[in-house]
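Below: one structure, written as structure tokens.
The values are calculated or read from the model by the stated rules, or taken from the named source; none is laboratory data. Every value quoted in this text rests on a predicted model; they were computed, and no experiment measured them. FYI the Cβ positions are ideal-geometry reconstructions off the backbone, even for glycines, and counts take in every protein chain you see.
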Amino acid sequence: MKALAQSLQNVKAYIRPVDFYRSELPAMPPQRGSGWRDGGLCPFHLDKHAGSFRVNLETGAFLCFSCGSKGGDIIAFIQQRDGLSFPEAVQKLSNEWGL
């Protein structure tokens, strides 16, 4: 549990949501400011219409108005997209981002 807590602290401290989403959503339009932005096509369903998937570049929250997928941070994004538990998602982010 101590390792998970440390990994969680590292993920939250070192992975900025804007950097995460820029990496995970290459079709996301360029950043203009902070807060809620168009995230491009939703990765949670077969999306053909950009604009329904939104991400918050400050908090990491996401929301799709088409399929209803939503979450409060980048950990929730990884959990839903990859079908992982919370500890698995934290570990995956730690590994992938070299933390």
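Working only within the range 18-36, note down all residues that are under 13 Å from the mean Cα position of the chain (by Cα) and surrounded by 11 or more Cβ atoms within 10 Å (Cβ to Cβ). Let's see the steps before the verdict.
The initial filter retains those residues of the range 18-36 that are under 13 Å from the mean Cα position of the chain (by Cα), namely 18-26, 28, 36.
Those that are under 13 Å from the mean Cα position of the chain (by Cα) and surrounded by 11 or more Cβ atoms within 10 Å (Cβ to Cβ): 18, 19, 20, 21, 22, 23, 24, 25, 28, 36.
So residue 66 clears everything in (1) farther than 16 Å from residue 17 by Cβ; (2) part of a strand (DSSP E or B); (3) not basic (Lys, Arg) except one condition, right? Which one?
(2)
Quickly run through the range 58-99 and pick out the residues that are among the aromatic types (Phe, Trp, Tyr) and either surrounded by fewer than 17 Cβ atoms within 10 Å (Cβ to Cβ) or at positive phi (or both). Steps first, answer last, please.
First, the residues of the range 58-99 that are among the aromatic types (Phe, Trp, Tyr): 62, 65, 77, 86, 97.
Answer for the range 58-99, where residues must be among the aromatic types (Phe, Trp, Tyr) and either surrounded by fewer than 17 Cβ atoms within 10 Å (Cβ to Cβ) or at positive phi (or both): 65, 86, 97.
Could you check the range 48-57 and list, in sequence order, the residues that are in a loop (DSSP other than H, G, I, E, B) and either modelled with pLDDT of 90 or more or buried (at least 19 other Cβ atoms within 10 Å of the Cβ) (or both)? Don't jump to the end; show me each part of the working.
Within the range 48-57, the first condition is being in a loop (DSSP other than H, G, I, E, B), and the residues that meet it are 48-52, 57.
Within the range 48-57, just 57 meets the criteria.
If residue 45 satisfies all but one of (1) outside any strand (DSSP E or B); (2) within 17 Å of residue 17 (Cα to Cα); (3) at pLDDT 90 or above, what's the number of the condition it fails?
(2)
What residue, among those in the range 24-39 that are in contact with a helix residue (DSSP H, G or I) (Cβ under 9 Å, 6 or more places away or on another chain) and within 20 Å of residue 80 (Cβ to Cβ), is modelled with the highest pLDDT?
24
Applying the selection to the range 45-60, what residues are closer than 22 Å to residue 11 by Cα and without any contact (Cβ under 8 Å) to a residue 40 or more places away in the chain?
Step one: of the range 45-60, the residues closer than 22 Å to residue 11 by Cα are 54-60.
Correct list: 54, 55, 56.
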